[in-house]
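One structure below.
Computed from the coordinates by the stated procedures, all read-outs in this text should not be read as laboratory data. All values derive from a computational prediction rather than experimental measurement. Quick reminder, even Gly has a Cβ in these numbers, built from the backbone with ideal geometry, and neighbours come from all protein chains shown.
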Amino acid sequence: MVHDCARPFIRPETISATAREIAKDRAICVARPLKDTLRRRIESTDSPSVPCPTLTVERCHHWLIETPQGAPKKWLLDGLDEAEKEKRIVTDDMAAVELLGHPVGMIEPDYPNPKITTPEDFSYAQFLAQS
């Protein structure tokens, strides 16, 4: 199991649920469905305020991935080796597992599990810690 530690609000029951899935020889990650509209720019510009053609992406098929993530250890190690061999950049450990052809399941938590990476994130974290 891999946890980035930038998500301090993970709950023990979510870690346990993730571990149970891994014990069944499954790859799993914490995730939540995309709620916002996602727009893809078709052309590159120097500034996002400069109008250019875009496409709205169908959000029902997109999930925001969190941690923890996990899979049988061999899958994780072999997937990371495969990514290195293919010189592919993987943005998370489940992307490496997918290189081996393993499907990845998702557990949707019923509580906030925000990633704390910018100064603005700390205000939200303080609010959650006091709740």
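Yes/no per residue for (1) within 30 Å of Ala125 (Cβ to Cβ); (2) exposed (fewer than 14 other Cβ atoms within 10 Å of the Cβ):
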{"position": "Glu13", "(1), (2)": "yes, yes"}
{"position": "Lys24", "(1), (2)": "no, yes"}
{"position": "Arg32", "(1), (2)": "yes, no"}
{"position": "Arg39", "(1), (2)": "yes, yes"}
{"position": "Asp46", "(1), (2)": "no, yes"}
{"position": "Thr54", "(1), (2)": "no, yes"}
{"position": "Lys74", "(1), (2)": "no, yes"}
{"position": "Ala96", "(1), (2)": "yes, no"}
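Scan segment 77-131 for residues that are among the β-branched types (Val, Ile, Thr) and within 16 Å of Leu64 (Cα to Cα) and the total you get is 6.
With a cut-off of at least 1 residues that are farther than 20 Å from Phe9 by Cα, name the strands (runs of 3 or more DSSP E) lying wholly within segment 24-131. Write out each step before concluding.
On the way: elements: 27-33, 38-41, 54-57, 63-70, 104-107.
In segment 24-131, the matching strands (runs of 3 or more DSSP E) lie at 27-33, 38-41, 54-57, 104-107.
Out of Thr56, Thr45, which single residue is in contact with a strand residue (DSSP E or B) (Cβ under 6 Å, 6 or more places away or on another chain) and farther than 25 Å from Ala6 by Cβ? After applying the criteria, what remains is Thr56.
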